[in-house]
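Asks: Handing you this structure, nothing more for now.
Where a number appears in this text, it was derived from the coordinates with a stated rule and is not lab data. Treat the numbers as computed from the prediction; the structure is a model and nothing was measured.
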């Protein structure tokens, strides 16, 4: 029976990783994140990740670097241990989308620059103005969504 459960976990990891990859996350980071997400502890060392995914340590190294950079994983070290542990952030989705607010603001600024440069009298300028307005709306709404999520999900 334990083999059936591990097979189910492997299938889940690959299926969820494929969904993450379809949304723009590179394939190996998506697999690493999915594998750690599927752990009861929510954390693994690089060696454990490589073993569970049957991949090279180099592949894991690049993936965890990407995932820590985008805020999907946190790197910690157990006191007295010489290995890093990678864990899912306590509020991984809230944290990820909080970081998206910065990106949205930059998109607003870029679209505004484009709309100004092209002018609202041209179709491309109007498209960029609409793009700016959409991202401005998302930027304004995101903090409230995250706050409501955190209120709903608890401490």
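Asks: Connecting C-alpha atoms closer than 10 Å in a GNM of the chain, tell me which of 101, 30, 110 has the biggest fluctuation.
Replies: 110
Asks: Specify the residue with the greatest mean-square fluctuation among 112, 84, 40, computed from a Gaussian network of the chain linking alpha-carbon atoms under 10 Å apart.
Replies: 40
Asks: Still on this model: Using a Gaussian network model of the chain with C-alpha springs under 10 Å, which one of 25, 36, 49 is most mobile by mean-square fluctuation?
Replies: Looking only at 25, 36, 49, the biggest GNM fluctuation is shown by 25.
Asks: Still on this structure, I have one more. Considering only C-alpha atoms, what is the centroid distance from the range 78-146 to the range 55-76, in Å?
Replies: Computed from Cα coordinates, the inter-centre distance equals 22 Å.
Asks: When a/c is below 1.5 the answer is rounded, else prolate if a/b is larger than b/c, else oblate, so apply that to the range 2-88 with a ≥ b ≥ c taken from the square roots of the Cα gyration tensor eigenvalues.
Replies: Oblate is the answer for the range 2-88, as a/c is 1.5 or above yet b/c matches or exceeds a/b.
Asks: Additional query: Answer rounded, prolate or oblate for the chain, using the Cα gyration tensor with square roots of eigenvalues a ≥ b ≥ c: rounded when a/c is under 1.5, else prolate when a/b is larger than b/c, else oblate.
Replies: prolate
Asks: Pairs of alpha-carbon atoms within less than 8 angstrom and 6+ residues apart define the contacts here; what relative contact order does the chain have, in percent?
Replies: 15 percent
Asks: So what is Rg over Rh here for the range 92-153, counting just Cα atoms and using Kirkwood for Rh?
Replies: 1.15
Asks: With each run of n ≥ 4 DSSP H residues scored as -39500 (n - 2.57), what mean residue ellipticity at 222 nm is computed for the chain after dividing by its residue count and rounding to the nearest 500 deg cm²/dmol?
Replies: -24500 deg cm²/dmol
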